[in-house]
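Structure, as structure tokens:
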């Protein structure tokens, strides 16, 4: 049994984690600096751990921590101003200076949500993709540097360095802390969605390493997408993104067998799918479809919804899926989308036609799933030696060990 | 904050450009010059003479080693610069998108560099 203090600590940490984004976003706004905001937040957390056990958890923990951190910010600003007397004032300190006069009455009863600014800054196109991902997980997700490093299989110093560089660029190049204007927001919102989807995919199908799914990354991406739906409304693409991730993640228990092996959609035990997650995903798809023409995330969510609604693999409406991939190809005619459409046509209409469409594709020769898809249709057509050859080519390209084991099983079963 | 906009384009492409393209290129620069001056953000901006006029000086054993040409051969070359006073990087990116970096069909790009303060003595 855990001691009461350990119990308390766990509760406090849960609160810190879920409120991290909101508090840090506010503190960055007030201090104009990621680093000073983080320092002040650490002090706020420490104060909470020291005070709460005796006084109880306050009604609005986020406001409590922010208010303490805010005072620390002002103190350290005063100290540094004295220390750096006669030195050039750092840029970006205007906000703290302005807030200084209102020090005794911090405006925290109305606690504005600055998370939307924060996510647009973290996913700014002037930062590279790795930096965007790391910053988003660190600030809005409240993950520690060690946790992010572990999830992306990079050494912790590398990840820490990445964060330092990104924060330096934000400060030095003055990447603004604001929601982009109407002419920019479309492109910038797409970048935010890409970052969140990348985090999900890294968790859903780990590109390297021994575990196929790193569930914590999927959960985190879903949490971020939920937040995005809450703070950036009305935006159907956000709903589509959340729906897509929920519908995929609903299969997590069924995707991996007891030995850690990959189970294909066709062979999955559908009773192990997470029904609550599916329900929520289907509702979101419906809700978003009512709001206008579907974008790529919503179309992919609609495809996942067709799978989710099929009671058995054999009852899958492959024609519907092929039509949705056709629409998706209209928006994004990438070879991978065309490959999926070809597979759906193969399974929904005619195996030979699907195979012909696959073989007409170019540019996928180094993509293991291209050869795996070809192998699968050949296997169904009972062309064993051609199927075996295609499985071998897929095996020569696959990086994930669990996917490799799946392909090896298939090859052996021919 | 002041940002420097380094305009890179391919001199070879420029040499091959049609008179109409060159007129368009100039008109593009004039539009940026006029607008940035009108908005009060213009600090400086000039084109550079062709790379054939470049000289590189490098200190070797305490003596200047003088070389004809650029210090590095690249596909695109520095062709000119602007210095504009912008509120933040987003505003700088908006201006960069308006600066012509190459004539029609040519490659080219704008590199944005924030200007640093001269450290105190």
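Throughout, read-outs are computed from the coordinates displayed, never taken from laboratory work. Here the structure is a predicted model, which is why all the values come from computation and not from measurement. Cβ sites come from the backbone with ideal geometry, for glycine too, and all protein chains shown count toward neighbours.
Give, in whole angstrom and from largest to smallest, the semi-axes √(5λ) of the equivalent ellipsoid of chain B, with λ running over the eigenvalues of the Cα gyration tensor.
Each semi-axis is √(5λ); the values are 26, 23, 11 Å.
Can you work out the FRET efficiency for the pair residue B:11 and residue B:38, with r the C-beta to C-beta distance and R0 = 30 Å, to the nearest 0.05?
0.45
Could you state the angle between the C-alpha long axis of helix A:236-249 and the longest principal axis of the C-alpha atoms of chain A, as a value from 0 to 90 degrees rounded to the nearest 10?
The helix A:236-249 is inclined about 60 degrees to chain A.
Does anyone have the angle between helix A:384-397 and the longest principal axis of chain A? Alpha-carbon axes, 0 to 90°, nearest 10?
The angle comes out near 20 degrees.
Just the ratio, please: alpha-carbon radius of gyration of region A:340-411 over 2.2 N^0.38 Å, N its number of residues.
1.03
Checking the a/c ratio against 1.5 first, then a/b against b/c, what shape does the Cα gyration tensor give for region A:291-342?
Note, shape of region A:291-342 comes out oblate.
Report the label-to-label distance for residue A:279 and residue B:61 in nanometres (one decimal), using points 7 Å from each Cα along the Cα→Cβ vector.
Each label point is offset 7 Å from its Cα along the Cβ direction, giving 8.5 nm.
Using only Cα atoms and rounding to the nearest 10 degrees, what angle (0 to 90) does helix A:368-380 make with the longest principal axis of chain A?
30 degrees
How long, wide and thick is region A:153-252, going by the Cα atoms along their three principal axes, in whole angstroms, largest first?
Cα extents, longest axis first: 40, 38, 17 Å.
Relative to 2.2 N^0.38 Å, what does the C-alpha radius of gyration of region A:256-390 come to as a ratio? Two decimals please.
Rounded to two decimals, the normalised Rg is 1.12.
Rounded if a/c is under 1.5, else prolate if a/b is larger than b/c, else oblate: which is chain A, with a ≥ b ≥ c the root eigenvalues of its Cα gyration tensor?
It comes out prolate by the Cα gyration axes.
Once the Cα gyration tensor of region A:272-321 is found, what semi-axes does its equivalent ellipsoid get, as square roots of 5 times the eigenvalues, in whole Å, sorted largest first?
On the way: eigenvalues 75, 41, 11 Å².
Ellipsoid semi-axes (Å, largest first): 19, 14, 7.
Spin-label point model (7 Å from Cα, Cβ direction): what's the residue A:263 to residue A:130 distance in nm?
Using points 7 Å along Cα→Cβ, the separation is 3.6 nm.
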